[in-house]
Amino acid sequence: MFSKKRHVRIDWECSIEDETDASVCVYVTFPDYSRWVANFYTIKCIESIRNDRLSRGENTFVWSEENLIIVDKVSRAHIEKIIDESMEQNTFEYLFKYFGWVQAPNVRQYPDGFFENEPMINSDIVMRQAGRLYEMLEHASDELKDNIKRFLFDDRKVRIEHLELIPKLEVKSMIVAQAELEGRDMKREWEDVFAEGLDAQDKTNIYMEQYLWHVFSYAKKPCLSDEQAVEAFRNEPKKACYVFYQQHDLVLLIEDAARLMPEDVEGEQDIYIVDEHFKWTYVVTHESELGPYFVKAQYTR
């Protein structure tokens with residue numbers, strides 16, 4: 001089913017001080033170019049998070065956008081043993097979530113000869129995933145079925161009417177329109193300003209091609225995080241600003257964002273809000289323990 005040949009990347013591996021009290025994000029890549037992801041949390045780490053939230057009067061549950069695996073330690077040897085055993089027992093795809101395929105510019109990050117000639121994921125895996133989608137669509141509206149069909153086989157562009165954020169902003173009388181800038185251009189400008197000074201190798205080392213906000217989570221640039229970031233964004237005077245997402249190329253323009261507050265984007269994933277002149281940015285990630293981040297630019301465009 002899965003090739004025994006695999007490449008394992010463990011985010012934040014070098015910064016782990018106590019293997020029994022930590023959490024890491026693990027990416028597994030196979031020669032068919034497929035990537036899979038899961039978060040590993042130790043029991044002690046979950047207890048530490050719980051106690052910290054209890055002390056602040058917050059909810060004590062722990063969740064993860066990616067599949068969550070609970071272990072006693074997050075050493076590489078232990079994680080790789082779990083991966084190999086899950087492949088032998090045909091349970092790997094239930095522990096890890098499919099995370100897309102390795103694109104051509106990123107192939108050089110892997111050992112020579114690691115990949116097969118053509119990217120071609122196992123058909124059995126695809127059929128099982130399709131079966132789950134089919135079960136969900138049995139209970140969906142005809143309109144949603146048509147939208148899914150167009151997304152899969154026709155126009156895959158995300159449209160402004162697809163975003164749940166829009167009604168939240170419109171109810172506060174904010175005027176939101178699709179910006180003229182393409183997402184790839186916006187991301188390039190954001191990177192030029194907020195990752196200024198990092199060379200290509202620096203960006204490769206922190207996997208910025210996956211998430212721009214890695215420049216903050218890997219501490220390559222100073223920033224405010226968590227509650228400090230939330231309050232800084234709340235108190236920042238706002239005029240026009242752009243909103244864009246990591247995973248697609250739609251860019252929004254809010255003409256007057258004075259009423260835009262952290263609560264409006266709470267629950268959004270990998271969303272970037274940036275002043276029209278790139279004076280500051282606010283980022284909400286998909287990771288419950290990373291971010292939000294707020295940064296004022298050292299220079300503006």
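The values are calculated or read from the model by the stated rules, or taken from the named source; none is laboratory data. Keep in mind that what you see is a predicted model, and the values were worked out from it rather than measured. Using ideal geometry, Cβ is built from the backbone for each residue, glycine included, and neighbour counts are taken over all protein chains shown. Only protein heavy atoms, including side chains, enter the accessible area calculation; ligands, DNA and RNA are left aside. Shrake-Rupley method; radii C 1.70, N 1.55, O 1.52, S 1.80 Å.
General remarks:
- Accessible surface calculations at 1.4 Å, restricted to protein heavy atoms, place the stretch 1-57 at 48 Å² per residue.
- Rough spin-label spacing in nm, given labels placed 7 Å along Cα→Cβ, for residue 60 and residue 196: 4.6
- FRET efficiency for residue 248 and residue 12, using Cβ-Cβ distance with R0 set to 30 Å, rounded to 0.05: 0.70
- The phi torsions of the stretch 257-263, fed into the Karplus equation with coefficients 6.51, -1.76 and 1.60 and a -60° offset, translate into couplings of 9, 4, 8, 6, 10, x, 4 Hz, rounded to whole numbers, with Gly and Pro shown as x.
- Sparsely packed trypsin sites (Lys or Arg not before Pro) within the stretch 108-152, loop by DSSP, other Cβ within 10 Å at most 11: none
- For the stretch 54-148, alpha-carbon Rg over 2.2 N^0.38 Å: 1.51
- Mean Cβ neighbour count within 10 Å, used as a protection proxy, ranking 246-259, 274-287, 60-73 highest first: 274-287, 246-259, 60-73
- Per-selection Kirkwood Rh - the stretch 1-110 (Cα, Å, 1 d.p.): 15.0
- Cβ-based charge dipole, the chain, positive-most Cα from 98, 30, 115: 115
- Cα-based equivalent ellipsoid, the stretch 79-233: semi-axes from gyration tensor eigenvalues, Å: 31, 29, 18
- Karplus-based coupling profile of the stretch 292-298, in residue order and whole Hz: x, 10, 9, 9, 9, 5, 6, with θ = phi - 60° in 6.51 cos²θ - 1.76 cosθ + 1.60 and x standing for Gly or Pro.
- Kirkwood hydrodynamic radius (C-alpha pairs) into Stokes-Einstein, the chain, 25 °C and 0.890 mPa s, D in µm²/s: 115
- Per-residue [θ]222 nm for the chain (sum of -39500 (n - 2.57) over DSSP H runs n ≥ 4, rounded to 500): -9500 deg cm²/dmol
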